[in-house]
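Undergrad: Can you keep this structure in mind? I'll have questions shortly.
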Amino acid sequence: TSFGFRQVPREEKQSLVRSVFDRSARRYDLMNDVMSLGIHRVWKDITITRANPRPGEVLVDVAGGTGDLARAFLDRAETVRRRAGGPPARAVVADINFEMMRSGLRRGDREDLAWVCANAEMLPFEDRSADCVMIGFGIRNVTDRAAALKQMHRVLKPGGRFLCLEFSRPTTRALARLYDAWSFNAIPALGQLIAKDRDSYQYLVESIRRFPHQQAFRQEVEAAGFANVSVTDLSGGIAALHMGWKL
Ligand code: SAM
């Protein structure tokens, strides 16, 4: 009975659709955990600490996906607000993929967080409207990186900060060897096993190799107009955090 051409009642269909998205969101988060051995959580935590969220601030989380960074930013600002007072912080996730944001929304809607479907190369925000702009594991996927960096600079207020968390290059030879074995062999195999999608995870590994190393990317960030740009290697350079300021 269950696989015939039976009309699926509306209620049941809604819950089917819901469970499909639940599964894909869970898989996305699970894959992040598996591929990085859970370490992406630590990297995100360091990013938020460096962003130093304050009450009343506006964050734009570019390529924000399911909204991990935006939520962490808001929670941190709220902790400060409870102690020091002031207005609540607000954030907007801007992502090109509607399904990713829908998965994020399913984790709970909240008043201080907005979702906008937009390309990082053409952000639909006014000049000088944000206190903080961040992009986590997103810049690597952007076609015109220089355009996206300029856009993120444009929407920042003077004095505002930019943070970019991205995979980078291991800084020691021993770590590089281990990392090669992990990413060329284990990640595509795990992608097949968990997400039934070897090709996407193969692409992911290759896109990390193609992305410029720490210092080359730092120059791109500076070329977009950011000042006092710093680079922090995370886990021996497996990821890097670039931070810059709009003066
Ligand atoms: N920032 C989230 C995190 O750290 O968990 C999501 C990272 S996910 C690996 C990359 C995200 O970049 C995806 O949600 C994808 O849709 C988004 N993306 C890719 N190209 C983009 C573009 N040109 N503009 C905006 N978002 C983009």
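The values are calculated or read from the model by the stated rules, or taken from the named source; none is laboratory data. It should be emphasised that the depicted structure is a prediction, and the values quoted were computed from it without experimental measurement. FYI the Cβ positions are ideal-geometry reconstructions off the backbone, even for glycines, and counts take in every protein chain you see.
Undergrad: Just checking, how many residues over region 40-56 are of a type in the set (Lys, Arg), within 11 Å of the ligand (Cβ to nearest atom) and at pLDDT 95 or above?
TA: Adding up the residues that qualify gives 1.
Undergrad: Do you know which residues across region 172-196 are surrounded by 15 or more Cβ atoms within 10 Å (Cβ to Cβ) and either of a type in the set (Asp, Glu) or touching a Gly at 6+ places or on another chain (Cβ under 8 Å) (or both)?
TA: Leu175
Undergrad: Here's a check for you: in region 57-94, which residue that is surrounded by fewer than 24 Cβ atoms within 10 Å (Cβ to Cβ), under 12 Å from the mean Cα position of the chain (by Cα) and not small (Gly, Ala, Ser) is nearest to the ligand (Cβ to nearest atom)?
TA: By that ranking, first place goes to Asp68.
Undergrad: Under 7 Å between Cβ atoms, which residue pairs at least 6 apart in sequence (or on different chains) link something in region 95-108 that is touching a residue at least 40 places away in the same chain (Cβ under 8 Å) and in a loop (DSSP other than H, G, I, E, B) with a partner that is among the aliphatic types (A, V, I, L, M) and more than 9 Å from the ligand (Cβ to nearest atom)?
TA: Going by the 7 Å Cβ cut-off, the qualifying pairs are Arg106/Ala25.
Undergrad: Continuing with the same structure: Which condition breaks for Ala91 when tested against (1) touching a helix residue (DSSP H, G or I) at 6+ places or on another chain (Cβ under 9 Å); (2) more than 12 Å from Pro53 (Cβ to Cβ)?
TA: Just one mismatch for Ala91, condition (2).
Undergrad: Next question, about the same structure. Using the structure shown, decide if Tyr179 is under 29 Å from Val34 (Cβ atoms), assigned to a helix (DSSP H, G or I) and within 19 Å of the chain's Cα centre (by Cα).
TA: So Tyr179 fails the test.
Undergrad: Quick check on region 152-181: of everything there that is among the small types (Gly, Ala, Ser) and within 21 Å of Leu234 (Cα to Cα), which residue is nearest to the ligand (Cβ to nearest atom)?
TA: Ser168
Undergrad: Which residues, counting only those in region 115-161, are basic (Lys, Arg) and either buried (at least 23 other Cβ atoms within 10 Å of the Cβ) or not in a strand (DSSP E or B) (or both)?
TA: Arg128, Arg140, Arg145, Lys150, Arg154
Undergrad: Of everything in region 106-151 that's of a type in the set (S, T, N, Q) and within 17 Å of Val58 (Cα to Cα), which residue is nearest to the ligand (Cβ to nearest atom)?
TA: Gln151
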